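Novice: Structure incoming, see below.
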(Lines give C-alpha, C1' and ligand atoms only; values in the text may rest on other atoms or scores of the structure.)
Protein backbone atom coordinates (compact mmCIF):
# COMPACT_ATOMS: atom_id res chain seq x y z
CA UNK A 1 0.00 0.00 0.00
CA UNK A 2 1.33 3.43 -0.96
CA UNK A 3 2.00 5.94 1.80
CA UNK A 4 0.22 9.04 0.52
CA UNK A 5 2.40 11.22 2.73
CA UNK A 6 5.69 9.91 1.38
CA UNK A 7 7.89 12.20 -0.71
CA UNK A 8 7.54 9.93 -3.75
CA UNK A 9 3.74 9.92 -3.58
CA UNK A 10 3.67 13.69 -3.10
CA UNK A 11 6.01 14.18 -6.04
CA UNK A 12 3.92 11.94 -8.31
CA UNK A 13 0.72 13.70 -7.24
CA UNK A 14 2.31 17.11 -7.77
CA UNK A 15 3.65 16.19 -11.19
CA UNK A 16 0.25 14.92 -12.28
CA UNK A 17 -1.43 18.05 -10.93
CA UNK A 18 1.03 20.43 -12.61
CA UNK A 19 0.87 18.60 -15.93
CA UNK A 20 -2.92 18.40 -15.83
CA UNK A 21 -3.33 22.10 -15.09
CA UNK A 22 -0.76 23.06 -17.70
CA UNK A 23 -2.63 21.19 -20.41
CA UNK A 24 -6.23 21.94 -19.41
CA UNK A 25 -5.98 25.67 -18.68
CA UNK A 26 -6.36 27.10 -22.16
CA UNK A 27 -8.77 29.10 -24.28
CA UNK A 28 -10.96 26.56 -26.01
CA UNK A 29 -14.50 25.50 -26.87
CA UNK A 30 -14.88 23.10 -23.94
CA UNK A 31 -13.78 25.67 -21.35
CA UNK A 32 -15.97 28.35 -22.91
CA UNK A 33 -18.96 25.99 -22.80
CA UNK A 34 -18.44 25.13 -19.12
CA UNK A 35 -18.06 28.85 -18.35
CA UNK A 36 -21.24 29.61 -20.29
CA UNK A 37 -23.21 27.02 -18.34
CA UNK A 38 -21.85 28.45 -15.12
CA UNK A 39 -22.88 31.98 -16.07
CA UNK A 40 -26.36 30.76 -16.94
CA UNK A 41 -26.49 28.54 -13.82
CA UNK A 42 -27.79 25.81 -16.09
CA UNK A 43 -27.03 22.13 -15.36
CA UNK A 44 -23.66 23.19 -13.94
CA UNK A 45 -23.21 20.14 -11.73
CA UNK A 46 -23.97 17.68 -14.52
CA UNK A 47 -21.68 19.37 -17.03
CA UNK A 48 -18.78 19.76 -14.57
CA UNK A 49 -19.16 16.16 -13.38
CA UNK A 50 -19.19 14.82 -16.92
CA UNK A 51 -16.08 16.76 -17.95
CA UNK A 52 -14.01 15.81 -14.92
CA UNK A 53 -15.07 12.13 -15.03
CA UNK A 54 -14.31 11.92 -18.74
CA UNK A 55 -10.86 13.40 -18.12
CA UNK A 56 -10.20 11.05 -15.20
CA UNK A 57 -11.17 7.97 -17.21
CA UNK A 58 -9.06 9.02 -20.20
CA UNK A 59 -6.09 9.77 -17.94
CA UNK A 60 -6.37 6.43 -16.15
CA UNK A 61 -6.76 4.54 -19.42
CA UNK A 62 -3.77 6.34 -20.86
CA UNK A 63 -1.48 5.77 -17.88
CA UNK A 64 -2.42 2.12 -17.33
CA UNK A 65 -2.43 1.28 -21.03
CA UNK A 66 0.90 2.97 -21.70
CA UNK A 67 2.37 1.37 -18.58
CA UNK A 68 1.46 -2.06 -19.86
CA UNK A 69 2.89 -1.27 -23.28
CA UNK A 70 6.15 0.08 -21.84
CA UNK A 71 6.56 -2.36 -18.97
CA UNK A 72 8.93 -4.75 -20.75
CA UNK A 73 10.48 -2.19 -23.09
CA UNK A 74 12.89 0.08 -21.18
CA UNK A 75 14.33 1.55 -24.38
CA UNK A 76 10.85 2.45 -25.60
CA UNK A 77 10.14 4.00 -22.20
CA UNK A 78 13.20 6.22 -22.56
CA UNK A 79 12.16 7.19 -26.08
CA UNK A 80 8.67 8.05 -24.84
CA UNK A 81 10.16 10.15 -22.03
CA UNK A 82 12.32 11.98 -24.57
CA UNK A 83 9.38 12.53 -26.93
CA UNK A 84 7.23 13.77 -24.04
CA UNK A 85 9.99 16.12 -22.94
CA UNK A 86 10.33 17.58 -26.43
CA UNK A 87 6.56 17.95 -26.71
CA UNK A 88 6.37 19.79 -23.39
CA UNK A 89 9.28 21.99 -24.38
CA UNK A 90 7.40 22.93 -27.56
CA UNK A 91 4.24 23.45 -25.49
CA UNK A 92 6.17 25.73 -23.13
CA UNK A 93 7.41 27.74 -26.11
CA UNK A 94 3.85 28.07 -27.47
CA UNK A 95 2.58 29.21 -24.06
CA UNK A 96 5.40 31.76 -23.92
CA UNK A 97 4.38 33.06 -27.34
CA UNK A 98 0.73 33.27 -26.23
CA UNK A 99 1.86 35.26 -23.20
CA UNK A 100 3.19 37.90 -25.60
CA UNK A 101 -0.18 38.25 -27.34
CA UNK A 102 -3.60 39.51 -26.32
CA UNK A 103 -6.43 37.00 -26.08
CA UNK A 104 -9.41 36.36 -23.84
CA UNK A 105 -11.92 33.67 -23.02
CA UNK A 106 -15.49 34.74 -23.67
CA UNK A 107 -18.59 32.70 -22.98
CA UNK A 108 -21.49 33.31 -25.33
CA UNK A 109 -24.69 33.70 -23.32
CA UNK A 110 -27.20 34.33 -26.08
CA UNK A 111 -29.76 31.76 -27.16
CA UNK A 112 -32.32 29.59 -25.46
CA UNK A 113 -31.54 27.42 -22.49
CA UNK A 114 -30.50 23.81 -22.98
CA UNK A 115 -32.10 20.72 -21.55
CA UNK A 116 -29.87 18.56 -19.35
CA UNK A 117 -29.57 15.98 -22.12
CA UNK A 118 -28.62 18.62 -24.69
CA UNK A 119 -26.09 20.18 -22.32
CA UNK A 120 -24.46 16.81 -21.68
CA UNK A 121 -24.46 16.02 -25.40
CA UNK A 122 -22.63 19.26 -26.10
CA UNK A 123 -20.20 18.62 -23.25
CA UNK A 124 -19.52 15.15 -24.69
CA UNK A 125 -18.94 16.58 -28.15
CA UNK A 126 -16.54 19.28 -26.92
CA UNK A 127 -14.69 16.68 -24.84
CA UNK A 128 -14.60 13.53 -26.95
CA UNK A 129 -14.67 14.86 -30.52
CA UNK A 130 -11.59 17.00 -29.95
CA UNK A 131 -8.58 15.06 -31.31
CA UNK A 132 -6.23 16.97 -29.02
CA UNK A 133 -7.82 15.34 -25.97
CA UNK A 134 -6.45 11.97 -27.08
CA UNK A 135 -3.02 13.35 -27.90
CA UNK A 136 -2.76 15.29 -24.64
CA UNK A 137 -4.66 13.14 -22.17
CA UNK A 138 -4.17 9.57 -23.40
CA UNK A 139 -0.80 9.64 -25.16
CA UNK A 140 1.11 12.47 -23.47
CA UNK A 141 -0.24 12.24 -19.91
CA UNK A 142 -0.46 8.46 -20.23
CA UNK A 143 3.12 8.18 -21.44
CA UNK A 144 4.46 10.42 -18.67
CA UNK A 145 2.39 8.71 -15.99
CA UNK A 146 3.64 5.32 -17.14
CA UNK A 147 7.18 6.44 -16.27
CA UNK A 148 6.20 6.47 -12.59
CA UNK A 149 6.96 3.39 -10.45
CA UNK A 150 3.95 1.02 -10.42
CA UNK A 151 3.03 1.93 -6.85
CA UNK A 152 2.95 5.66 -7.61
CA UNK A 153 0.92 5.64 -10.83
CA UNK A 154 -2.30 5.94 -8.87
CA UNK A 155 -0.96 9.11 -7.21
CA UNK A 156 -0.05 10.56 -10.61
CA UNK A 157 -3.52 9.75 -11.98
CA UNK A 158 -5.10 11.32 -8.88
CA UNK A 159 -3.04 14.48 -9.33
CA UNK A 160 -3.95 14.85 -13.00
CA UNK A 161 -7.62 14.13 -12.27
CA UNK A 162 -7.53 16.66 -9.40
CA UNK A 163 -6.38 19.28 -11.90
CA UNK A 164 -9.49 18.64 -14.01
CA UNK A 165 -11.71 18.71 -10.91
CA UNK A 166 -10.29 22.03 -9.70
CA UNK A 167 -10.38 23.67 -13.12
CA UNK A 168 -13.87 22.62 -14.23
CA UNK A 169 -15.26 23.23 -10.76
CA UNK A 170 -13.79 26.73 -10.75
CA UNK A 171 -15.12 27.46 -14.24
CA UNK A 172 -18.60 26.14 -13.56
CA UNK A 173 -19.22 27.32 -10.01
CA UNK A 174 -17.01 30.39 -10.03
CA UNK A 175 -18.15 31.66 -13.42
CA UNK A 176 -19.65 34.90 -12.15
CA UNK A 177 -16.36 35.86 -10.50
CA UNK A 178 -13.97 34.31 -13.02
CA UNK A 179 -15.61 35.57 -16.22
CA UNK A 180 -14.42 39.20 -15.80
CA UNK A 181 -10.93 37.93 -15.00
CA UNK A 182 -10.74 35.60 -18.01
CA UNK A 183 -12.05 38.37 -20.26
CA UNK A 184 -8.85 40.33 -19.52
CA UNK A 185 -6.00 39.53 -21.90
CA UNK A 186 -3.46 40.48 -19.22
CA UNK A 187 -4.69 37.71 -16.92
CA UNK A 188 -4.20 35.11 -19.65
CA UNK A 189 -0.76 36.50 -20.43
CA UNK A 190 0.31 36.01 -16.82
CA UNK A 191 -1.28 32.56 -16.70
CA UNK A 192 0.42 31.49 -19.94
CA UNK A 193 3.72 32.71 -18.55
CA UNK A 194 3.26 30.49 -15.49
CA UNK A 195 2.25 27.55 -17.69
CA UNK A 196 5.34 28.07 -19.85
CA UNK A 197 7.60 27.90 -16.79
CA UNK A 198 5.85 24.81 -15.42
CA UNK A 199 5.95 22.95 -18.73
CA UNK A 200 9.62 23.86 -19.22
CA UNK A 201 10.46 22.38 -15.82
CA UNK A 202 8.55 19.17 -16.54
CA UNK A 203 10.22 18.95 -19.95
CA UNK A 204 13.64 19.22 -18.34
CA UNK A 205 12.81 16.43 -15.88
CA UNK A 206 11.60 14.15 -18.65
CA UNK A 207 14.60 14.83 -20.89
CA UNK A 208 16.90 14.11 -17.95
CA UNK A 209 15.05 10.83 -17.39
CA UNK A 210 15.37 9.93 -21.07
CA UNK A 211 19.10 10.73 -21.03
CA UNK A 212 19.94 8.93 -17.78
CA UNK A 213 17.38 6.15 -18.08
CA UNK A 214 15.92 6.80 -14.62
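The values are calculated or read from the model by the stated rules, or taken from the named source; none is laboratory data. Keep in mind that what you see is a predicted model, and the values were worked out from it rather than measured. A quick note on method: Cβ atoms are made from the backbone with ideal geometry, for glycine too, and the neighbour counts reach across all protein chains shown.
Novice: Would the range 193-205 turn up any residue that is free of Cβ contacts under 8 Å to residues at least 60 places away in the same chain and either under 22 Å from residue 52 (Cα atoms) or surrounded by 19 or more Cβ atoms within 10 Å (Cβ to Cβ) (or both)?
Specialist: No: the range 193-205 contains no residue that is free of Cβ contacts under 8 Å to residues at least 60 places away in the same chain and either under 22 Å from residue 52 (Cα atoms) or surrounded by 19 or more Cβ atoms within 10 Å (Cβ to Cβ) (or both).
Novice: Does at least one position in the range 29-45 carry a residue that is assigned to a helix (DSSP H, G or I), at pLDDT 90 or above and either surrounded by fewer than 20 Cβ atoms within 10 Å (Cβ to Cβ) or touching a strand residue (DSSP E or B) at 6+ places or on another chain (Cβ under 6 Å) (or both)?
Specialist: Scanning the range 29-45 turns up at least one residue that is assigned to a helix (DSSP H, G or I), at pLDDT 90 or above and either surrounded by fewer than 20 Cβ atoms within 10 Å (Cβ to Cβ) or touching a strand residue (DSSP E or B) at 6+ places or on another chain (Cβ under 6 Å) (or both).
Novice: Taking the condition of being surrounded by fewer than 20 Cβ atoms within 10 Å (Cβ to Cβ) and out of contact with any helix residue (DSSP H, G or I) (no Cβ under 7 Å at 6 or more places or on another chain), how many residues in the range 142-173 meet it?
Specialist: So the answer is 4.
Novice: Continuing with the same structure: Of the residues 53, 13, 23, which single one is under 27 Å from residue 129 (Cβ atoms), surrounded by fewer than 21 Cβ atoms within 10 Å (Cβ to Cβ) and at pLDDT 80 or above?
Specialist: 53
Novice: Is there a residue being surrounded by fewer than 19 Cβ atoms within 10 Å (Cβ to Cβ) and under 17 Å from the mean Cα position of the chain (by Cα) anywhere in the range 68-88?
Specialist: Among the residues of the range 68-88, not one is surrounded by fewer than 19 Cβ atoms within 10 Å (Cβ to Cβ) and under 17 Å from the mean Cα position of the chain (by Cα), which makes the answer no.
Novice: Based on this model, can you work out whether residue 160 counts as in contact (Cβ under 8 Å) with a residue 40 or more places away in the chain and either under 30 Å from residue 41 (Cβ atoms) or under 15 Å from the mean Cα position of the chain (by Cα) (or both)?
Specialist: yes
Novice: Working only within the range 58-76, note down all residues that are part of a helix (DSSP H, G or I) and at pLDDT below 80.
Specialist: 66, 67, 68, 69, 70, 74, 75, 76
Novice: Another question about this same structure. Return the residue satisfying two criteria in turn: it lies in the range 96-135 and is under 30 Å from residue 12 (Cα atoms) and modelled with pLDDT under 80, and of such residues it is surrounded by the fewest Cβ atoms within 10 Å (Cβ to Cβ).
Specialist: 131
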